[in-house]
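Structure, as structure tokens:
The values are calculated or read from the model by the stated rules, or taken from the named source; none is laboratory data. Only a predicted model underlies this, so the values are computations on that prediction, with no experimental measurement involved. Because the Cβ atoms are built from the backbone with ideal geometry, glycine has one as well, and the counts that use them run over all protein chains shown.
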Amino acid sequence: MSSDEVIVHRYEVGDVVAEATYSIDRESLVRYAGASGDFNAIHYRDDVAESVGLPGVLAHGMLTMGLAVQPVVEWLRDPARVLDYQVKFTRPVVVDPVTGATIAVRAVIGQLDEAAGTGRIDLTVTVDEATVLGKAQVRVTLP
Amino acid sequence: MNPDLTEREFEKTSPYLVGREKVREFSRAVFASSPVNFSVEAANEAGFADVVAPPSFAIVLQQLTLDQLIGAEDAGIELTHVVHGAQQFRYTRPIVAGDELTAQLSVTSIKTLGGNAMITAESAVHDIRGEHVVTAISTLVVRGDA
């Protein structure tokens, strides 16, 4: 080695920065409906969900999107570090009246811009091992 | 689906005052656990004027503008045929309790795909000083049998 300078990279692409699981039930959906103002009946009435051909009462896509970013927010500590957040809703989350549903979130560094001090965090969001959000990405100012 | 929607200038929504208890209620509903979402003291220590809303809270503002879009008599959009395809938020700063926010909609694209229409609706949210807070972008899929 010609130099004893060491460049320290605090993060690397592929690092897992946060992981969490959330158990939701019908009460969670009612709570989200009230908090958000989204009272679409497919999120609380089995008969309505069935009448439009759904496999059951579904979680609001925005509930799944909203909770999936929380592990990242906790890791960042400062919510102002969230610059951009996007998802595609690829698979509905059916919430069983008795057993509910369990949403697992894994947040991995997908891209780094060390000069700008920013990074892209890729979220893998699954229910029973099946991915429910596509291209779920959070652009952040790195802590 | 009315293709002229992309040229329409929608009215700004009337000011929405972000309430402290609404932020706490929304935070609980999305399983937030950061102290800044609940505690004024923690928010102040972190440099915010009041409790901070979670990133997805901006959907509440965008919903007001989507109601204008779906409610427009000539839009040709039937609510029961609308599916939320994708969502994005581009933040300048987080929303905090006490903010008075207005949102203005523009329909940036309408694509027809195999009988379905895909609408991209962009809602720019500004505070009372006219400064940008967040832009919320919804992709709505409208099923063609509408």
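From A:A20, A:A33, which residue is facing another protein chain (nearest Cβ under 10 Å) and either more than 16 Å from the chain's Cα centre (by Cα) or at pLDDT below 95 (or both)?
On the way: A:A20 fails: either more than 16 Å from the chain's Cα centre (by Cα) or at pLDDT below 95 (or both).
Result of the check over A:A20, A:A33: A:A33.
Out of the residues in region A:54-111 that are within 16 Å of the chain's Cα centre (by Cα) and among the polar types (S, T, N, Q), which is nearest to the other protein chains (Cβ to nearest Cβ)?
A:Q86
Within region B:3-10, identify whether any single residue is closer than 28 Å to A:I42 by Cβ and at pLDDT 95 or above, and answer yes or no.
Filtering region B:3-10 down to residues closer than 28 Å to A:I42 by Cβ leaves B:5, B:10.
Add one more test, that the residue is at pLDDT 95 or above, and what stays is none.
No.
Say we look at region A:50-79 and pick out the residues that are among the aliphatic types (A, V, I, L, M) and in contact (Cβ under 8 Å) with a residue 60 or more places away in the chain; which of these is nearest to B:P35 (Cα to Cα)?
Within region A:50-79, the subset among the aliphatic types (A, V, I, L, M) is A:52, A:54, A:57-59, A:62-63, A:65, A:67-69, A:72-73, A:76.
From the residues that got through so far, the ones that are in contact (Cβ under 8 Å) with a residue 60 or more places away in the chain too are A:65, A:68-69, A:72, A:76.
Values: A:M65: 20, A:A68: 18, A:V69: 16, A:V72: 14, A:L76: 13 Å.
Per the stated criteria, the residue is A:L76.
Can you work out which of the residues in region B:117-127 that are of a type in the set (A, V, I, L, M, F, W, C) and farther than 22 Å from A:L133 by Cβ is surrounded by the most Cβ atoms within 10 Å (Cβ to Cβ)? Outline the logic, then answer.
Of the residues in region B:117-127, the ones of a type in the set (A, V, I, L, M, F, W, C) are B:117-119, B:121, B:124-125.
In the following step, the residues that additionally are farther than 22 Å from A:L133 by Cβ were identified as B:117, B:124-125.
Values: B:A117: 21, B:A124: 20, B:V125: 25.
In this case the residue turns out to be B:V125.
For region A:93-107, does any single residue satisfy the condition of being in a helix (DSSP H, G or I), β-branched (V, I, T) and buried (at least 18 other Cβ atoms within 10 Å of the Cβ)? Walk me through how you get there before you give the answer.
Our first condition is that a residue be in a helix (DSSP H, G or I); within region A:93-107, this holds for none.
The answer is no, given that none of the residues of region A:93-107 is in a helix (DSSP H, G or I), β-branched (V, I, T) and buried (at least 18 other Cβ atoms within 10 Å of the Cβ).
Please indicate, with yes or no, whether at least one residue in region B:3-22 is in a helix (DSSP H, G or I), within 11 Å of another protein chain (Cβ to nearest Cβ) and on the phi < 0 side of the Ramachandran plot.
Going residue by residue through region B:3-22, those that are in a helix (DSSP H, G or I) are B:3-7, B:20-22.
Of the ones still in play, those that are also within 11 Å of another protein chain (Cβ to nearest Cβ) are B:21-22.
Filter once more, so that each one left must be on the phi < 0 side of the Ramachandran plot: B:21-22.
There is at least one residue in region B:3-22 that is in a helix (DSSP H, G or I), within 11 Å of another protein chain (Cβ to nearest Cβ) and on the phi < 0 side of the Ramachandran plot.
What helices (runs of 4 or more DSSP H) completely inside region A:19-80 contain at least 3 residues that are at negative phi and surrounded by 21 or more Cβ atoms within 10 Å (Cβ to Cβ)? Outline the logic, then answer.
Numbers: elements: A:26-36, A:46-51, A:61-68, A:70-76.
So the answer is A:26-36, A:61-68, A:70-76.
For region A:115-129, which positions are closer than 24 Å to A:V30 by Cα and without any contact (Cβ under 8 Å) to a residue 40 or more places away in the chain? Give the derivation first.
Taking region A:115-129 as the starting set, the residues that turn out to be closer than 24 Å to A:V30 by Cα are A:125-128.
Correct list: A:T126, A:V127, A:D128.
Of the conditions (1) away from every other protein chain (no Cβ under 11 Å); (2) surrounded by fewer than 17 Cβ atoms within 10 Å (Cβ to Cβ); (3) not small (G, A, S), A:V125 satisfies every one except a single condition; which number is it?
Of the numbered conditions (1) away from every other protein chain (no Cβ under 11 Å); (2) surrounded by fewer than 17 Cβ atoms within 10 Å (Cβ to Cβ); (3) not small (G, A, S), the odd one out for A:V125 is (2).
Kindly establish whether A:K88 is assigned to a strand (DSSP E or B), on the phi > 0 side of the Ramachandran plot and either out of contact with any Phe, Trp or Tyr (no Cβ under 8 Å at 6 or more places or on another chain) or surrounded by fewer than 16 Cβ atoms within 10 Å (Cβ to Cβ) (or both). Step through it out loud before you land on a result.
Working: assigned to a strand (DSSP E or B): yes; on the phi > 0 side of the Ramachandran plot: no; either out of contact with any Phe, Trp or Tyr (no Cβ under 8 Å at 6 or more places or on another chain) or surrounded by fewer than 16 Cβ atoms within 10 Å (Cβ to Cβ) (or both): yes.
When the stated conditions are applied, A:K88 does not pass them.
Which ones in region B:77-116 are surrounded by 14 or more Cβ atoms within 10 Å (Cβ to Cβ), modelled with pLDDT under 95 and assigned to a loop (DSSP other than H, G, I, E, B)?
Matches in region B:77-116: B:I77 only.
Note down all Cβ pairs under 6 Å where the first residue falls in region A:103-114 and is farther than 14 Å from A:A130 by Cβ, the second is surrounded by fewer than 18 Cβ atoms within 10 Å (Cβ to Cβ) and basic (K, R), and they're at least six residues apart or on different chains.
So the pair list comes out as A:G110/A:R120; A:Q111/A:R120.
In contact with a helix residue (DSSP H, G or I) (Cβ under 8 Å, 6 or more places away or on another chain) and either within 13 Å of another protein chain (Cβ to nearest Cβ) or more than 20 Å from A:A59 (Cβ to Cβ) (or both): which single residue out of B:A58, B:A49 fits that description? It would help to see each step written out before you state the result.
Numbers: B:A58 fails: in contact with a helix residue (DSSP H, G or I) (Cβ under 8 Å, 6 or more places away or on another chain).
Every option except B:A49 fails the conditions.
For region A:36-53, give me each residue that is within 27 Å of A:D84 (Cβ to Cβ) and more than 10 Å from chain B (Cβ to nearest Cβ). Show your work before the answer.
Of the residues in region A:36-53, the ones within 27 Å of A:D84 (Cβ to Cβ) are A:36-38, A:40, A:43.
Result: A:H43, single match.
Quick check on my filter: what residues within region B:32-46 are within 10 Å of another protein chain (Cβ to nearest Cβ) and part of a helix (DSSP H, G or I)?
Of the residues in region B:32-46, the ones within 10 Å of another protein chain (Cβ to nearest Cβ) are B:32-37, B:43, B:46.
Within region B:32-46, B:P35, B:V36, B:N37, B:A43 qualify.
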